[in-house]
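Just below is one structure, and these are the notes that go with it.
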Amino acid sequence: MVRAMTLRISSPEGVRHGVELDGGPITIGRTAPDHVPDVVLGPDPQRWVGRLHCTLDFTEGMWSVTDNASVNGTLLRHGDVTERLQGRKRVQHGDTLLILGDMDPDGSPLYWELTFLDPHTTRPAPFGSAAEVRHTGPCLRYDWVAARAYRCENGGETPISGLRPQGHQLLRYMAGRSGGGAAVACDHAELITALWGAREEWAPHRSYNRMDIAGVVRAVRRCVEADPSNPRILETITGIGYRLNVLAGDPP
């Protein structure tokens, strides 16, 4: 019997929806004349996504994915490892396919993210929770009472100046997710909600996406990083979001 696997799909703009995988093969791609794949990734006016980009199959009790010689390729993220998909690969709970969907003005890739969720598998701790990565380089301390941020390195502290309100909001939110100095990762959709609220709260005809988050991050890096072009405190996690390295022992 086919297990009730769900594919959680997040667009390059952070819009999410889910598709239940009740059997295969399942085609993934963009629409074309006389062709509609089972899972449509679009709109895609620049044709980043292939017409038959990749295919999911269910055989011998497990799901697998195959890239159909797509021009831009398919990435498979399993745990902390992301690699280009070659041949057929088994997929499991928590694995994510990354398919190029756009580029931001700086030339950074914006991906479609297709994550496999298996209700019969024990869930790991939620992404973005504290207690994952320990950071030994420069980090940030946020004083909640005084609303001041400090760059911490080599046992010393330097007050951070020039932060705008949204920069403070970003740092307060991410620092608040930390416990005991863990490096906290937050995805794009989570940060959009943290800064601008839920979609239903947005002004009419206004929307926010990863480029809006990237603008706030750039402004924050100019204040907190010794070298904003090589960030070590507010780091990018390609295709996912950002990670803030917080001082160990800094209270949430």
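Listed here are the residues, each with its yes/no results for (1) buried (at least 20 other Cβ atoms within 10 Å of the Cβ); (2) within 23 Å of the chain's Cα centre (by Cα); (3) assigned by TED's automatic domain parsing to the domain that holds GLY101; (4) closer than 16 Å to LEU98 by Cβ.
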| site | (1), (2), (3), (4) |
| --- | --- |
| ASP22 | no, no, yes, no |
| PRO25 | no, no, yes, no |
| ALA32 | no, no, yes, no |
| PRO43 | no, yes, yes, no |
| GLY50 | yes, yes, yes, yes |
| THR59 | no, no, yes, no |
| MET62 | no, no, yes, no |
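Every residue, every condition in (1) under 16 Å from GLU113 (Cβ atoms); (2) at pLDDT 90 or above, yes or no:
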residue: ASP187; (1), (2): yes, no
residue: ILE192; (1), (2): yes, yes
residue: HIS205; (1), (2): no, no
residue: MET211; (1), (2): no, yes
residue: ILE233; (1), (2): no, yes
residue: GLY239; (1), (2): yes, no
residue: GLY249; (1), (2): no, no
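Taking VAL224, is it within 18 Å of the chain's Cα centre (by Cα) and either among the β-branched types (Val, Ile, Thr) or modelled with pLDDT of 85 or more (or both)?
Judged against the criteria, VAL224 is not a match.
All but one of (1) modelled with pLDDT under 85; (2) touching a Lys or Arg at 6+ places or on another chain (Cβ under 9 Å); (3) closer than 23 Å to ARG30 by Cα hold for ALA69; which doesn't?
If we test ALA69 against (1) modelled with pLDDT under 85; (2) touching a Lys or Arg at 6+ places or on another chain (Cβ under 9 Å); (3) closer than 23 Å to ARG30 by Cα, just (2) comes out false.
Looking at (1) at pLDDT 90 or above; (2) touching a Gly at 6+ places or on another chain (Cβ under 6 Å), which one does ALA130 not meet, given that it meets all the others?
(1)
The values are calculated or read from the model by the stated rules, or taken from the named source; none is laboratory data. The model shown is predicted, which means the values in this text are computed figures rather than measured ones. When we count neighbours, we look across all protein chains shown, and the Cβ atoms used for this are built from the backbone with ideal geometry, even at glycine.
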